[in-house]
1. Keeping all protein chains in place and using 1.4 angstrom, which order do 175, 94 fall into by accessible surface area, from largest down?
2. Calculate the spin-label point distance for residue 93 paired with residue 203, positioning each point 7 Å from the Cα along the beta-carbon direction, and give it in nanometres.
3. About its Cα centre, how strong a charge dipole does the range 1-81 have in debye, to the nearest 20, once Lys and Arg get +1 and Asp and Glu get -1 at the Cβ?
4. ³J(HN,Hα) across the range 14-26 via Karplus (A = 6.51, B = -1.76, C = 1.60, θ = phi - 60°), whole Hz, x for Gly/Pro?
5. In the Gaussian network model of the chain, springs joining C-alpha atoms below 10 Å, which of 45, 195, 146 carries the largest mean-square fluctuation?
6. Whole-Hz ³J(HN,Hα) for each residue in the range 206-215, computed from phi via Karplus 6.51 cos²θ - 1.76 cosθ + 1.60 with θ = phi - 60°, x for glycine and proline: what do you get?
7. Residue 72's amide H: which non-local residues (gap 5+, or another chain) put their own amide H closer than 5 Å, with H modeled 1.01 Å from N in plane and none for Pro or chain starts?
8. So what does residue 173 come to for accessible area, using a 1.4 Å probe and Å² rounded to 10?
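The values are calculated or read from the model by the stated rules, or taken from the named source; none is laboratory data. Source: prediction; values computed, not measured. Here the Cβ is made from the backbone with ideal geometry for all residues, glycine too, and neighbour counts use every protein chain on show. Keep in mind that these areas ignore ligands, DNA and RNA; they rest on the heavy atoms of the full protein, side chains included. Shrake-Rupley method; radii C 1.70, N 1.55, O 1.52, S 1.80 Å.
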Amino acid sequence: MRNALFLHIQKTAGTSIQSVARSAYGPDNVASHGDFLALGLAGCERLPFVSGHFGFEFAKPLMERRYCFTFLRNPVDRLLSLYAFCSAQQSDDFEIYRVARRMGLEDFLRLSDREPYRRNIWNNQVWQLAVGYGQERSSLEFSDAELIGMAKKNLRAFDYVGFVDTFDNDAADIFNELGISNFELGRFNSSSSAELKANLAPSAVAMLLENTKLDRELYRYAWWRYGVLRSFRRR
């Protein structure tokens, strides 16, 4: 099987990908979620399948001679799913779980003005693809134009850009390229935000749109560049 790198953006069905990878490569040969923080670049380099919530700047030195991919999700749906997931967690493993449990959606969205919550809430997909986790930097250091420009440019460095909308087909394409067969895709850490979405106040809608302005531009660009043509070919 080919060595791989998966830049895992939160709430884009990435745990399902990692579950298949662990079965195929072996659990000791896969880094996932926050493992990269302890492993560092050197530790990640030794593993055949590297995934995690790292950003592009952390991933870049690891991408050579690996099959590299990521997944994107409708930005508003992703942000609602993040809130639904965090607010349902009973642990205090992460500060964002604790604050989400005691906050309504709008108060949660207002945290986008404060670090460290901003990196989870405010245009998270653009941030991860422009710079992202693993770097001691803030999106406040960059203009919107700089961030969206970097994210679009960096997206083109991946061999495959998948979408949650077409997850099963995209995952099958990726595993085929990696040389993985006879896999079964499970669903992990899923959180239903349908009821939340159906009862949004106009003020909440406005805040969701404000916090996903750049992500929505990136998503339209990615769907135009990668998704539409692939969907057409499958028909």
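1. Details: 175 0, 94 120 Å².
Most to least solvent-accessible, the answer reads 94, 175.
2. The modelled label-to-label distance comes out at 3.4 nm.
3. The dipole magnitude comes to about 180 debye.
4. Values, residue by residue: x, 5, 5, 4, 5, 5, 5, 4, 5, 5, 7, 8, x Hz.
5. Looking only at 45, 195, 146, the largest GNM fluctuation is found for 195.
6. With the stated coefficients, the range 206-215 comes to 4, 5, 4, 5, 5, 7, 10, 4, 6, 4 Hz.
7. For residue 72, whose amide H was placed from the backbone, the distant partners under 5 Å are 162, 163, 164.
8. 50 Å²
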